[in-house]
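Written below as structure tokens is the structure these notes are about.
The values are calculated or read from the model by the stated rules, or taken from the named source; none is laboratory data. Just so you know, these numbers come straight off a predicted model, no measurement behind them. Cβ: placed from backbone, ideal geometry, glycine included. Neighbour counts: every protein chain shown.
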Amino acid sequence: MDFEPKITTGSTSPIFRQIVDQVRLAVAHGRLTEGNQLPSVRALAERLLINANTVAKAYAELNAAGVIDTQAGRGVFIAKPRQPYSAAERRRRLEPRLDALLTEALHLGFTLDQIAELLRERARRLADSNSSGKSS
Amino acid sequence: MTDAFAIQTFELTKYYASTCALEQVSMAVPQGKVTALLGRNGSGKSTLISLLLGLIEPTRGSARVLGEDSGRLSPRTRGRIGFVGEGHPLPGFMRVRDLRGFQASFQPRWDDSLFATLIEHFGLLERSKASSLSRGQKAGLAMALAMAPRPELLIMDDPALGLDPVARRTLLEAMILNTRDAGNTIFFSSHELTDVERVADQIAILDRSVLRVCCSLEMLRARVRRFEVHVALPREVDLASIPGLLQARRLPERIEITALKHPGTLNRLSTLSGGAEVEELPASLEDIAVGYLTESKNRVSLLAATAAEVTQ
């Protein structure tokens, strides 16, 4: 239960949206994995000093998206990852990002091999920071 | 109580002689939620709160508070309402422990351990005289006296006014503590938008005696947009013709506009700017509040007006 979102006030992003985004990011990067427990609505609201309804709204959205699982009387847990998209759809969603990355990288003078190596290196660093940074 | 509203007002109007302090305010404050009342100084916030508590009589219209007419609240209903007045007025000659004993004697639901915890967190001593307290301590004592009776409805008139950051944080904690009971309602006025963003479910905005907004923070954010036009428009271009305009800031190289989300806004901006790039962005609570509270004559900002003189 050491994961805690950080919120910013005065932002154009509503507080509930900041919580949703940070939980999704932590799951995508492996900082939160299936079965990890999140604080209760009330506990998180009191730690972040925000209205409990805001946390409830964030959790409701994460529940609906299948990211978390709220078990009555037990708590809030990261759900088993589910893959709602077909293989073709997954490709279709990734391709625009790949195009943008390639365009930028080739413009900056990187070769395809260098790009591939940079991607691998970046992924290794993310994995390392996840295993060492869990207590933060 | 049959309705799910802690407070309802019906065309509530108050005149002081011929001066209008509140003009036909109709609003509903949902039970179990935190509602923040925003508005500039002199916009009628304190008048509205005084009317809700039955401290003054409306000129026209009415208000229901916890299901009763605000002008005829029964002692029992009064006991269910906690109130923190503007500037935290307290009888200066009394000591903290006297005020505690006095309040506890006629509050049936008085929670003495809550009172003790609150005064400790605001750095108060039992023997302190109310007149010797700092602003933060006064706020703490006023909060403790209002919260210890476990009110279902807590009404506060600008409780954060003049508090240092530490006292303000403790005040925020006390408000969140009050919401632990999910049925409790808070209605408070404030200028501290970061605190409002943290605790409020609902936002009401009073602008020169008129209620402009009363809805959820989420709905308010969905309703208002910021537009950036990347071109310096000639001064004769009339920004007031933009549908739903709340505020426009002219800068030397662009114009920033806060406006209601309206299908015509983007079109109108494109036309005005001769097809220049127009960006639509979400607005922060501060953008929204400033947008609603800016008087029409100031809609082109002071700095931009000055910059325009320089460039000519």
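In the range B:85-93, the condition of being surrounded by fewer than 18 Cβ atoms within 10 Å (Cβ to Cβ) and among the hydrophobic types (A, V, I, L, M, F, W, C) is met by at least one residue.
If you take the residues in the range B:40-98 that are among the basic types (Lys, Arg) and not in a loop (DSSP other than H, G, I, E, B), which one is farthest from B:Met143 (Cα to Cα)?
Of all residues in the range B:40-98, those among the basic types (Lys, Arg) come to B:40, B:45, B:60, B:64, B:72, B:76, B:78, B:80, B:95, B:97.
Among the residues that remain, those that are also not in a loop (DSSP other than H, G, I, E, B) are: B:45, B:60, B:64, B:72, B:76, B:78, B:95, B:97.
Details: B:Lys45: 19, B:Arg60: 32, B:Arg64: 24, B:Arg72: 25, B:Arg76: 20, B:Arg78: 16, B:Arg95: 15, B:Arg97: 15 Å.
Filtering the range B:40-98 for residues that are among the basic types (Lys, Arg) and not in a loop (DSSP other than H, G, I, E, B), the one farthest from B:Met143 (Cα to Cα) comes out as B:Arg60.
Considering (1) outside any loop (DSSP other than H, G, I, E, B); (2) free of Cβ contacts under 8 Å to residues at least 60 places away in the same chain, the lone condition that B:Arg127 does not fulfil carries the number (1).
In this structure, is B:Arg135 of a type outside the set (Val, Ile, Thr) and under 28 Å from B:Gly183 (Cβ atoms)?
Numbers: of a type outside the set (Val, Ile, Thr): yes; under 28 Å from B:Gly183 (Cβ atoms): no.
Criteria not met by B:Arg135.
Could you grab me the full set of residues in the range B:246-269 that are buried (at least 21 other Cβ atoms within 10 Å of the Cβ), of a type in the set (A, V, I, L, M) and closer than 20 Å to B:Ser284 by Cα? Passing the criteria: B:Leu246, B:Ala248, B:Ile255, B:Ile257, B:Ala259. Here A:Leu38, A:Leu32, A:Leu25 are screened, and the one residue that is closer than 30 Å to B:Arg168 by Cβ and more than 14 Å from chain B (Cβ to nearest Cβ) is A:Leu38. Scanning the range B:228-240 for residues that are of a type outside the set (Gly, Ala, Ser) and either more than 13 Å from chain A (Cβ to nearest Cβ) or in a loop (DSSP other than H, G, I, E, B) (or both) returns B:Val229, B:His230, B:Val231, B:Leu233, B:Pro234, B:Arg235, B:Glu236, B:Val237, B:Asp238, B:Leu239. Checking each residue in the range B:272-306 for being outside any loop (DSSP other than H, G, I, E, B), closer than 26 Å to B:Ser209 by Cβ and either at pLDDT below 90 or out of contact with any Gly (no Cβ under 8 Å at 6 or more places or on another chain) (or both) picks out B:Asp287, B:Ile288, B:Ala289, B:Val290, B:Gly291, B:Tyr292, B:Ser296, B:Lys297, B:Asn298, B:Val300, B:Leu302. Would you pick out the residues in the range B:111-124 that are in contact with a helix residue (DSSP H, G or I) (Cβ under 8 Å, 6 or more places away or on another chain) and either in a helix (DSSP H, G or I) or in contact (Cβ under 8 Å) with a residue 40 or more places away in the chain (or both)? Correct list: B:Asp112, B:Leu114, B:Phe115, B:Leu118, B:Ile119, B:His121, B:Phe122.
Looking at the structure I just gave you, is B:Leu171 crowded, with 20+ Cβ neighbours inside 10 Å and assigned to a helix (DSSP H, G or I)? Step through it out loud before you land on a result.
On the way: crowded, with 20+ Cβ neighbours inside 10 Å: yes; assigned to a helix (DSSP H, G or I): yes.
Here the answer is yes, as B:Leu171 does meet what is asked.
Before we move on, is B:Leu141 touching a Phe, Trp or Tyr at 6+ places or on another chain (Cβ under 9 Å) and in a helix (DSSP H, G or I)? Here the answer is yes, as B:Leu141 does meet what is asked.
One line per residue, one yes/no per condition, for (1) surrounded by fewer than 10 Cβ atoms within 10 Å (Cβ to Cβ); (2) under 26 Å from A:Pro14 (Cα atoms); (3) within 17 Å of the chain's Cα centre (by Cα):
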site: A:Gly35; (1), (2), (3): no, no, yes
site: A:Ala43; (1), (2), (3): no, yes, no
site: A:Arg47; (1), (2), (3): no, yes, no
site: A:Ile50; (1), (2), (3): no, yes, no
site: A:Ala60; (1), (2), (3): no, yes, yes
site: A:Asp69; (1), (2), (3): no, yes, yes
site: A:Ile78; (1), (2), (3): no, yes, yes
site: A:Leu119; (1), (2), (3): no, no, no
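A quick yes/no check of all residues on (1) in contact with a helix residue (DSSP H, G or I) (Cβ under 9 Å, 6 or more places away or on another chain); (2) more than 20 Å from B:Asp158 (Cα to Cα); (3) surrounded by fewer than 17 Cβ atoms within 10 Å (Cβ to Cβ); (4) not aromatic (Phe, Trp, Tyr):
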residue: B:Ala6; (1), (2), (3), (4): no, no, no, yes
residue: B:Phe10; (1), (2), (3), (4): no, yes, yes, no
residue: B:Thr13; (1), (2), (3), (4): no, yes, no, yes
residue: B:Ser18; (1), (2), (3), (4): no, yes, yes, yes
residue: B:Val25; (1), (2), (3), (4): yes, no, no, yes
residue: B:Lys33; (1), (2), (3), (4): yes, no, no, yes
residue: B:Ala36; (1), (2), (3), (4): yes, no, no, yes
residue: B:Asn41; (1), (2), (3), (4): no, no, yes, yes
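Filtering the range B:212-227 to residues that are more than 8 Å from chain A (Cβ to nearest Cβ) and free of Cβ contacts under 8 Å to residues at least 40 places away in the same chain leaves B:Cys215, B:Ser216, B:Met219, B:Ala222, B:Arg223.
Just one of (1) more than 15 Å from B:Arg40 (Cα to Cα); (2) within 13 Å of chain A (Cβ to nearest Cβ); (3) acidic (Asp, Glu); (4) free of Cβ contacts under 8 Å to residues at least 40 places away in the same chain fails for B:Glu173. It is (4).
For the range B:16-39, which positions are part of a loop (DSSP other than H, G, I, E, B) and within 14 Å of chain A (Cβ to nearest Cβ)?
So in the range B:16-39, the residues part of a loop (DSSP other than H, G, I, E, B) come out as B:17-18, B:31-33, B:39.
Matches in the range B:16-39: B:Gln31, B:Gly32, B:Lys33.
Based on what the data block shows, is B:Arg168 of a type in the set (Lys, Arg) and within 13 Å of another protein chain (Cβ to nearest Cβ)? Talk me through it step by step, then tell me what you get.
Values: of a type in the set (Lys, Arg): yes; within 13 Å of another protein chain (Cβ to nearest Cβ): yes.
Judged against the criteria, B:Arg168 is a match.
If the condition is being out of contact with any strand residue (DSSP E or B) (no Cβ under 8 Å at 6 or more places or on another chain) and within 11 Å of chain A (Cβ to nearest Cβ), then the range B:194-211 contributes B:Thr194, B:Asp195, B:Glu197, B:Arg198.
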